[in-house]
Amino acid sequence: MTAVSPALAATREAFGPTLIRLAKEGLPIVVVDADLGASTTARKFRDEYPDRFFSVGIAEQNMIGISCGLAAAGKVAFCSTFGVFLPGRCFDQIRVSVAQTGLNVKMVASHGGISVGEDGISAQSIEDLAIICSLPGVWVIVPADVEEARQAIETAARTPGPFYIRTGRPKIPVIYDDTYRFQLGKAHLLRPGSDVTVIALGIMVHRALDAATALEQEGIDCRVLNMATLRPLDEEAIVAAARETGAIVTAEEHLIHSGMAAMVSQVVGSKCPVPMGAVGMRDQYAESGRWEELLEKYHLTAEEIVRQVKEVMARKQGARSDGRSG
Amino acid sequence: MVTTDTIDELTATAKRIRRSIITMLTEAGGGHPGGSLSAVEILCALYFDVLQHDPKRPDWPDRDRFILSKGHAVPVLYATLAEAGYLPVEELMTLRKLGSRLQGHSKINTVPGIEMSAGSLGQGLSYGIGQLLAGRLDGRDFRVYCLLGDGECQEGQTWESFMCAPFHQLDRLVAIIDRNGVQNDWFVNETMEIDPLDAKLAAFGWHVISVDGHDLRQLLDALEEAKGVTGRPTAIIAKTVKGKGVSFMENNPAWHGKAPSAEQMEQALAEIGE
Ligand SMILES: Cc1ncc(C[n+]2csc(CCOP(=O)(O)OP(=O)(O)O)c2C)c(N)n1
């Protein structure tokens, strides 16, 4: 179930085809798009259901309002554009009309993170999770591969209320096969371990698995959790990881000061403090470049996870020996 | 009066800019050819005849400002700036590469001559209004030229700024709309029509001029006319062809945001000519 297969796919590829499948099964799916349907893959839905696909043009704020109206009238309203515009361009509309109403609006933001690549920083979304997670009452999901993306989209469609799902542009390793069962609100234990836990998100999950394999060679038993549901956080899994492994490293394609690192720290700090490290973007924007080059340059790599794991383990051991001598 | 010599020179410059756009995008392996090629004559007219500017002093406070609101078309701006002497032509080949100054969408304080960051559509005209309000406070008489896409006119903020500029009687402002009829996914009129754009802008208080955006003489005449307008801003609706100059790109939504292959580059360069 968790064997890493060599297949590659982008998480965004799940979007259009999954909606078509769900519409065929009878769900009242409608799609509102803001002129990026080819990139998000929403346009595939238009090809099958032209009368249930609405393009508002380049007008993201209007997209949210129209989705709300459709949702209130009983539709399962999906809307989508890039992660930099959704939620960035329409935050107030989401806040008042989606979060504060609890309407059945499913926001699917593609091109998350810096792996957007050459388009540069206006298109690289490293703040979207902070913005959307600031809102009460919105489920936030970042799938780790295309299979999880399919299941997350289906779960969102079948679960009433607001959702935000972040997908990605590049083709990345497929981690899960169809025997996997995505569970909303639950971190998925991809690899057991007792020395340290890496909590990863999205594109960083397969890198966390690579890091764990490398660490195994050095005798370090690394737990890997896929925190696919970022809001609300699976606090139970985090506290168990802190208690059972005594050290945590988070890994995300987002700013750490406002991303998963901050959110996990808040849980760990208040419930079970242990040494922590964070892999992610550090208080800066990236630049144009090929996506693999960018992940390398900005240290979103398995090597960086390994480095930080060793650092937190040293701190953990330091704390223990301090405890013994004191 | 625009002389025939001027037009001949600009026509030759436009060809070089088109060639640069094609080669730099091919080398980059990505980017936006369609909306870059449609705006070539507009930038040519501005940079080589209309703008008061000095490539040696990109921060001269009295320079006219050109603001590219449709930031994805930055290849046409880089190519024009190179042609004008703001950066070496060879540097165009670094577009979109790691470590390059030539970012995939325009970014302020990277290449000299880039006035503002862009990439999230709908924001450039507001910035231009701000520049002019400051200029008025400081008693400076520079002018601001802002290029918008027609798809971009679907953004709400565009209409907020369309409303604001006439209110402030910003007669040193010229908004040029690259009316190529195509946006990202499809044709503008089948996505979310913006016409009658001329009547809408006129109703908002703009002086509106419609031109063929590939006819340099018409563009220069319109830009000259704008200089004489007082008490309100001017909008030039430039009817263009997306992908202009390359047959397989022309008016084809598929060429909004992808780079030509090496073979396609050869064909494109042959069509554009020397
Ligand atoms: C706010 C925002 N939404 C979406 C996009 C993605 N996008 C980039 S270019 C483009 C189409 C632009 O069409 P148009 O303004 O007509 O430009 P042109 O055809 O001249 O290239 C879109 C939707 C964006 N850059 N900004």
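The values are calculated or read from the model by the stated rules, or taken from the named source; none is laboratory data. Everything quoted here is computed from the prediction, not taken from an experiment. Because the Cβ atoms are built from the backbone with ideal geometry, glycine has one as well, and the counts that use them run over all protein chains shown.
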Would you point out which residue out of B:Val208, B:Val188, B:Val229, B:Val241 is within 16 Å of the ligand (Cβ to nearest atom), among the β-branched types (Val, Ile, Thr) and either within 14 Å of chain A (Cβ to nearest Cβ) or more than 16 Å from the chain's Cα centre (by Cα) (or both)?
B:Val188
Just to verify a result, which residue in segment B:68-95, among those that are of a type in the set (A, V, I, L, M) and assigned to a loop (DSSP other than H, G, I, E, B), is nearest to the other protein chains (Cβ to nearest Cβ)?
B:Leu95
Test: B:Ser117 is under 15 Å from the mean Cα position of the chain (by Cα), more than 24 Å from B:Trp186 (Cβ to Cβ) and within 16 Å of the ligand (Cβ to nearest atom)
yes
Among the residues of segment B:87-109, how many are at pLDDT 95 or above, more than 16 Å from the ligand (Cβ to nearest atom) and over 24 Å from B:Ala165 (Cα atoms)?
15
Of A:Glu304, A:Glu252, A:Glu244, which residue is part of a helix (DSSP H, G or I) and within 21 Å of A:His206 (Cα to Cα)?
A:Glu304
Taking the condition under 21 Å from A:Asp210 (Cβ atoms) and modelled with pLDDT of 95 or more, does A:Ala286 pass?
no
List pairs: first residue in segment A:282-305 and touching a residue at least 40 places away in the same chain (Cβ under 8 Å) and within 14 Å of chain B (Cβ to nearest Cβ), second residue polar (S, T, N, Q) and assigned to a helix (DSSP H, G or I) anywhere in the structure, Cβ distance under 6 angstrom, at least six positions apart or on different chains.
A:Trp291/A:Ser115
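State whether the residues of segment A:180-192 include one that is over 21 Å from A:Leu129 (Cβ atoms) and hydroxyl-bearing (Ser, Thr, Tyr).
Yes, there is a match, as at least one residue in segment A:180-192 is over 21 Å from A:Leu129 (Cβ atoms) and hydroxyl-bearing (Ser, Thr, Tyr).
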Restrict the check to segment B:102-109 and report whether at least one residue is surrounded by fewer than 24 Cβ atoms within 10 Å (Cβ to Cβ) and farther than 30 Å from B:Ala12 by Cα.
no
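To keep it simple, each residue is scored yes or no on (1) within 25 Å of A:Lys44 (Cα to Cα); (2) modelled with pLDDT under 95; (3) touching a Ser or Thr at 6+ places or on another chain (Cβ under 9 Å).
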site: B:Asn189; (1), (2), (3): yes, no, no
site: B:Met192; (1), (2), (3): yes, no, yes
site: B:Leu201; (1), (2), (3): no, no, no
site: B:Phe204; (1), (2), (3): no, no, no
site: B:His207; (1), (2), (3): no, no, yes
site: B:Val211; (1), (2), (3): no, no, no
site: B:His214; (1), (2), (3): no, no, yes
Examine segment B:50-67 for a residue that is at pLDDT 95 or above and assigned to a helix (DSSP H, G or I), and state whether such a residue exists.
yes
Which condition breaks for A:Ser134 when tested against (1) in contact with a helix residue (DSSP H, G or I) (Cβ under 6 Å, 6 or more places away or on another chain); (2) more than 15 Å from the ligand (Cβ to nearest atom)?
(1)
Would segment A:54-70 turn up any residue that is without any contact (Cβ under 8 Å) to a residue 40 or more places away in the chain, of a type in the set (Phe, Trp, Tyr), away from the ligand (no atom under 16 Å from the Cβ) and within 14 Å of another protein chain (Cβ to nearest Cβ)?
no
Just to be sure I understand the filter: pairs with C-beta atoms under 8 Å, separated by 6 or more residues or on different chains, first member in segment A:72-90 and among the charged types (D, E, K, R), second member part of a loop (DSSP other than H, G, I, E, B) and more than 9 Å from the ligand (Cβ to nearest atom). Which pairs pass?
A:Lys75/A:Pro28; A:Lys75/A:Asn104
Given (1) touching a strand residue (DSSP E or B) at 6+ places or on another chain (Cβ under 6 Å); (2) farther than 18 Å from B:His256 by Cβ, where does A:Glu25 come up short, assuming only one miss?
(1)
How about segment B:233-263: which of its residues are part of a helix (DSSP H, G or I) and either in contact (Cβ under 8 Å) with a residue 40 or more places away in the chain or in contact with a Gly (Cβ under 8 Å, 6 or more places away or on another chain) (or both)?
B:Pro253, B:Trp255, B:Ala262
Filter segment B:148-176 for residues that are under 23 Å from B:Asp49 (Cα atoms) and either more than 9 Å from the ligand (Cβ to nearest atom) or among the charged types (D, E, K, R) (or both) and give the result.
B:Leu170, B:Asp171, B:Arg172, B:Leu173, B:Val174, B:Ala175, B:Ile176
Identity of the residue in segment B:17-46, surrounded by fewer than 24 Cβ atoms within 10 Å (Cβ to Cβ) and under 16 Å from the mean Cα position of the chain (by Cα), that ends up farthest from B:Ser69 (Cα to Cα)
B:Ser20
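Going through A:Arg158, A:Arg243, A:Arg231 one at a time, which residue ends up being farther than 30 Å from A:Leu103 by Cα and surrounded by fewer than 24 Cβ atoms within 10 Å (Cβ to Cβ)? Give the steps one after another, and end with the answer.
Working: A:Arg158 fails: farther than 30 Å from A:Leu103 by Cα; A:Arg231 fails: farther than 30 Å from A:Leu103 by Cα.
The unique qualifying residue is A:Arg243.
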Please state which one of B:Leu102, B:Leu148, B:Leu121, B:Leu98 is assigned to a strand (DSSP E or B) and within 14 Å of another protein chain (Cβ to nearest Cβ).
B:Leu148
Selection within segment B:219-247 - farther than 19 Å from B:His168 by Cβ and among the polar types (S, T, N, Q)
B:Thr240, B:Ser247
Look at B:Ala262 and say whether it is more than 11 Å from the ligand (Cβ to nearest atom), away from chain A (no Cβ under 14 Å) and small (Gly, Ala, Ser).
yes
Does any residue of segment A:75-85 turn out to be part of a helix (DSSP H, G or I), more than 13 Å from every other protein chain (Cβ to nearest Cβ) and buried (at least 24 other Cβ atoms within 10 Å of the Cβ)?
no
Out of the residues in segment A:86-102 that are within 23 Å of A:Arg169 (Cα to Cα) and surrounded by fewer than 21 Cβ atoms within 10 Å (Cβ to Cβ), which is farthest from the ligand (Cβ to nearest atom)?
A:Phe91
What's the total number of residues in segment A:31-53 that are in a helix (DSSP H, G or I), out of contact with any helix residue (DSSP H, G or I) (no Cβ under 8 Å at 6 or more places or on another chain) and facing chain B (nearest Cβ under 10 Å)?
1
Just checking, which of A:Gly117, A:Gly102, A:Gly113 is away from chain B (no Cβ under 14 Å), within 23 Å of A:Glu293 (Cα to Cα) and not aliphatic (A, V, I, L, M)?
A:Gly113
Taking segment B:18-42 and keeping only residues that are within 16 Å of the ligand (Cβ to nearest atom), in contact (Cβ under 8 Å) with a residue 60 or more places away in the chain, part of a helix (DSSP H, G or I) and away from chain A (no Cβ under 14 Å), one is left with B:Arg18, B:Ile22, B:Leu37, B:Val40, B:Glu41, B:Ile42
